[in-house]
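The values are calculated or read from the model by the stated rules, or taken from the named source; none is laboratory data. All values derive from a computational prediction rather than experimental measurement. So basically every Cβ, Gly included, is an ideal-geometry build from the backbone, and we count neighbours across all protein chains shown. Note: accessible area is taken over every heavy atom of the protein model, side chains too, but ligands, DNA and RNA are not part of it. Shrake-Rupley method; radii C 1.70, N 1.55, O 1.52, S 1.80 Å.
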Amino acid sequence: MKIFLFMILFLTQAQYTYSLTADDIIGMVDKNLMFDEGEMLVSIFDYKDKKLSKTLKTKIYYKKDKGTLMEFLKPAREKGKKILLVKDNMWLFVPAVSKPLRLSAKDSFMGTSFSNRDLMDYDIKNDYKAKILHETDEYYKLELVATNKNVTYPKVIIHVNKENILPLKEELYTISGDIIKTIEFSDIKNFSGKIRPSVITIIDMLNQNNYTKLVLENLEQKQIKEIIFSPQSIIK
């Protein structure tokens, strides 16, 4: 009887594993990387010609489908600045300046190899249609084609680890089909029960000596008030 029950469980699990669609996988990646709402502490290290040129520290508040707010903590000259993303709208708020500055999500984030949207938008599935290109015992290789014209990269190739449904690496492409950047995910850690990569490195393929490393220092699930995603509340 035990053997019979085990076989049913095994077959059920196998059917579930092999019936995943590309969109299922991307949805699981989104869920495995982020809580539906919470806050993060992030350090960013930017390298030019393999030399450290800039270090930033930020706190990020996030609520799924509502917005992302980033507050700069370091260096001193950037402290107090805030970036807000709501849907496809992005603003920079500078202390003592009453009018926020509109930002393009596709522009470089503070001169680094990341784009503004790379660091502010955490829902891949909302912006791309996925299909499986290749599958091995260890990973899925998926192609993501943009459904949102405001995203930075029209096409993304992503490798997803089958064991934990977490990204291993991404290749980012221009509209003409040229690879422009790659992203590597490493150093998996446990953040309040969310087991995910803590280091994300983006490399400029036009000059591979230029790259930016994001280090996730803390991630916790926390109730975030929607009011903080209002530009008016930040100006006050």
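With an 8 Å Cα cut-off and a minimum separation of 6 or more residues, compute the relative contact order for the chain in percent.
Rounded, it is 21 percent for the chain.
Mind listing the long-range amide H neighbours of PHE35? Cut-off is under 5 Å, sequence gap 5 or more, other chains count too, H placed in the peptide plane at 1.01 Å from N.
none
With the Cα gyration tensor of the stretch 19-142 giving a ≥ b ≥ c as the square roots of its eigenvalues, does the rule (a/c under 1.5 for rounded; else a/b larger than b/c for prolate; else oblate) give rounded, prolate or oblate?
Details: a/c = 2.33, a/b = 1.67, b/c = 1.40.
The shape class here is prolate.
Where does helix 2-18 land angle-wise versus the long Cα axis of the chain, in degrees 0 to 90, nearest 10?
Approximately 50 degrees, to the nearest ten.
Karplus couplings for the stretch 161-170 from phi (6.51 cos²θ - 1.76 cosθ + 1.60, θ = phi - 60°), rounded to Hz, Gly and Pro as x?
Going residue by residue, I get 5, 5, 5, 10, 6, 10, x, 9, 7, 9 Hz, with x marking Gly and Pro.
Using only Cα atoms, tell me the angle between helix 22-33 and the longest principal axis of the chain; keep it within 0 to 90° and round to the nearest 10.
60
Collect residues whose amide H, placed 1.01 Å from N in the peptide plane, falls under 5 Å from the amide H of PHE191; neighbours closer than 5 in sequence don't count.
ARG196
State whether the chain is rounded, prolate or oblate according to the following rule on the C-alpha gyration tensor (a ≥ b ≥ c being the square roots of its eigenvalues): a/c under 1.5 gives rounded; otherwise a/b larger than b/c gives prolate, and the remaining case gives oblate.
The shape class here is prolate.
Using only helices, what value at 222 nm comes out for the chain when you add -39,500 (n - 2.57) per DSSP H run of length 4 or more and divide by the total residues, to the nearest 500 deg cm²/dmol?
Details: 4 runs with 38 residues, N = 236.
Helix-only estimate at 222 nm: -4500 deg cm²/dmol.
How large is the charge dipole for the stretch 66-200, taken about the Cα centre, if only the Cβ atoms of Lys, Arg (+1) and Asp, Glu (-1) carry charge, to the nearest 20 debye?
In total the dipole reaches around 740 debye.
Using a 1.4 Å probe on the protein heavy atoms, what percent of the accessible area of the chain belongs to carbon and sulfur? Mind showing how you got there, number by number?
Details: 7160 of 13260 Å².
After summing per-atom areas, the C and S share lands at 54 percent.
In a GNM of the chain with a 10 Å cut-off on Cα contacts, which of SER176, SER53, SER108 has the highest mean-square fluctuation?
Of SER176, SER53, SER108, the Gaussian network model singles out SER176 as fluctuating most.
Between the stretch 91-141 and the stretch 154-194, how far is it from one alpha carbon centroid to the other, in angstrom?
Between the Cα centre of the stretch 91-141 and that of the stretch 154-194, the gap is 12 Å.
Run the quick spin-label model on LYS74 and LYS189: label points 7 Å from Cα toward the beta carbon, then report their separation in nm to one decimal.
1.4
When ranked by the protection proxy of mean other Cβ atoms within 10 Å per residue, highest first, what sequence do the peptides 217-226, 68-77 form?
Values: 217-226: 14.1, 68-77: 16.2.
In descending order of packing, they fall as 68-77, 217-226.
Quick check: residue separation of LEU133 and ILE228 times 0.36 nm, minus the Cα distance between them. What number comes out in nm?
Extending this stretch completely gives an extra 30.2 nm.
Over the chain, average the accessible area per residue using a 1.4 Å probe and give it in Å², no decimals.
Per residue, the chain has an accessible area of 56 Å².
Would you grab the residues whose amide H sits under 5 Å from the one on GLU217? Only those 5+ places off in sequence or on another chain, please, with H modelled 1.01 Å from N.
For GLU217, whose amide H was placed from the backbone, the distant partners under 5 Å are LEU41, VAL42, SER43.
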